[in-house]
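Contents: one structure, followed by commentary.
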Amino acid sequence: MLRIMFSSKLVWAGLAATIASAAASADPIATYGFTDLDGDYTLTNPGDPSQGGPFVARASAISAGGPYNSRGDVTRVEAPGGTAIFQTAFVAGADSLDYVLTMNIANVTATAATASGSFVLTDLDGDTITGDLTGNWQRLGGVFGSFEGTMSNVSFNSLTDGVFEGSSGSFPLTFSGGPLYNGAIIVLETGRWFTNNFTNANTQVEASILPEPSALLLLAMGAAFARRR
């Protein structure tokens with residue numbers, strides 16, 4: 001079971017030296033990280049696991065019947081900055097705080113797979129951050145899987161008050177550039193592999209949102225996380 005608490009602020013600080021040579025316009029404008037998500041996977045064709053199937057990682061709270069108490073944060077790096085903290089078991093509250101990532105897993109082998117999907121981050125009163133994602137899974141030791149990929153069509157959606165609010169902390173949803181942004185899912189790890197159905201796989205995610213595509217930056221960030229792991 002994975003029990004590692006990431007801070008998006010610390011992630012960016014650890015990467016800063018590595019990506020200092022990248023263009024300033026390609027620096028992340030926001031980051032997010034969540035741990036103890038509930039991962040569930042269903043094979044499309046149990047007779048042929050290579051075809052893959054849908055994978056969902058969502059926020060969980062034991063008090064609401066889930067297997068884990070999810071927690072995390074969303075940080076605005078671009079000035080004026082700010083961090084929205086999603087407190088432990090945040091999804092059990094009466095507010096709308098939530099995180100859901102969905103993927104279609106394909107081309108599954110004993111050690112690798114491809115995937116594409118989307119994510120939705122919802123704040124205290126219904127504002128959202130959404131985006132698409134694509135990339136590759138690799139099987140680590142045992143049954144653990146690790147995904148690294150890119151995000152596209154990332155949008156900051158002001159559906160209520162235009163301020164992204166967590167259990168505590170907030171930041172304005174209006175960013176420079178856009179309206180659509182890109183990014184990288186640097187770490188997405190789950191405690192199972194995709195050759196069998198599974199439920200309640202402890203899952204964690206770390207991501208950075210960029211103002212524009214930058215292959216140099218994505219490679220640098222991936223290299224930095226490889227060293228951290």
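How many residues are assigned to a strand (DSSP E or B), surrounded by fewer than 21 Cβ atoms within 10 Å (Cβ to Cβ) and touching a Lys or Arg at 6+ places or on another chain (Cβ under 8 Å) when one looks only at the range 97-118?
Going through the range 97-118 one residue at a time, the tally reaches 3.
Does Ser176 meet the test of being closer than 23 Å to Arg76 by Cβ, touching a residue at least 24 places away in the same chain (Cβ under 8 Å), of a type in the set (Gly, Ala, Ser) and surrounded by fewer than 16 Cβ atoms within 10 Å (Cβ to Cβ)?
The answer is yes for Ser176.
If you scan the range 41-75, which residues turn out to be buried (at least 18 other Cβ atoms within 10 Å of the Cβ) and assigned to a strand (DSSP E or B)?
Tyr41, Gly53, Phe55, Ala57, Arg58, Arg71, Gly72, Asp73, Val74, Thr75
Please verify whether Leu121 is surrounded by 15 or more Cβ atoms within 10 Å (Cβ to Cβ), of a type in the set (A, V, I, L, M), in contact (Cβ under 8 Å) with a residue 24 or more places away in the chain and more than 30 Å from Gly47 (Cβ to Cβ), treating the condition exactly as stated. Show your work before the answer.
Values: surrounded by 15 or more Cβ atoms within 10 Å (Cβ to Cβ): yes; of a type in the set (A, V, I, L, M): yes; in contact (Cβ under 8 Å) with a residue 24 or more places away in the chain: yes; more than 30 Å from Gly47 (Cβ to Cβ): yes.
Yes, satisfied.
Determine if the range 78-96 includes at least one residue that is over 28 Å from Pro28 (Cα atoms), outside any helix (DSSP H, G or I) and in contact with a helix residue (DSSP H, G or I) (Cβ under 8 Å, 6 or more places away or on another chain).
No, that holds for no residue.
Given the structure, is Asp161 part of a strand (DSSP E or B) and charged (D, E, K, R)? Steps first, please.
Details: part of a strand (DSSP E or B): no; charged (D, E, K, R): yes.
No; evaluated as a whole, the condition is false for this residue.
Would you confirm whether or not the range 30-45 contains a residue that is more than 25 Å from Ser146 (Cβ to Cβ), modelled with pLDDT of 95 or more, more than 15 Å from the chain's Cα centre (by Cα) and not aliphatic (A, V, I, L, M)? Break it down into steps so the answer makes sense when it comes.
As a first pass, look at the range 30-45 and keep what is more than 25 Å from Ser146 (Cβ to Cβ): none.
Scanning the range 30-45, I find no residue that is more than 25 Å from Ser146 (Cβ to Cβ), modelled with pLDDT of 95 or more, more than 15 Å from the chain's Cα centre (by Cα) and not aliphatic (A, V, I, L, M), so the answer is no.
Please state which of the following conditions Val205 fails to meet, knowing it meets all the rest: (1) modelled with pLDDT of 95 or more; (2) outside any strand (DSSP E or B).
Here Val205 meets the rest and fails (2).
Which ones in the range 125-145 are surrounded by fewer than 18 Cβ atoms within 10 Å (Cβ to Cβ) and either part of a loop (DSSP other than H, G, I, E, B) or modelled with pLDDT under 95 (or both)?
Asp125, Gly126, Leu140, Gly141, Gly142, Val143, Phe144
For the range 150-173, how many residues are at positive phi and either more than 19 Å from the chain's Cα centre (by Cα) or surrounded by 15 or more Cβ atoms within 10 Å (Cβ to Cβ) (or both)? Write out each step before concluding.
Looking only at the range 150-173, we keep the residues that are at positive phi, and these are 153, 162, 169.
Remaining after also requiring either more than 19 Å from the chain's Cα centre (by Cα) or surrounded by 15 or more Cβ atoms within 10 Å (Cβ to Cβ) (or both): 162, 169.
So the answer is 2.
When the range 182-195 is examined, which residues are found to be over 20 Å from Ala59 (Cβ atoms), touching a strand residue (DSSP E or B) at 6+ places or on another chain (Cβ under 8 Å) and either touching a residue at least 40 places away in the same chain (Cβ under 8 Å) or aliphatic (A, V, I, L, M) (or both)? I'd like the intermediate steps shown before the answer.
Step one: filter the range 182-195 for residues over 20 Å from Ala59 (Cβ atoms), giving 182, 184, 193-195.
Pick out the ones that are also touching a strand residue (DSSP E or B) at 6+ places or on another chain (Cβ under 8 Å) and you get 182, 184, 193-194.
Hits for the range 182-195 are Ala184, Trp193, Phe194.
The values are calculated or read from the model by the stated rules, or taken from the named source; none is laboratory data. Just so it is clear, the model here is predicted, and its values are computed rather than measured. With ideal geometry, Cβ positions are generated from the backbone for all residues, glycine too; neighbour counts draw on all protein chains shown.
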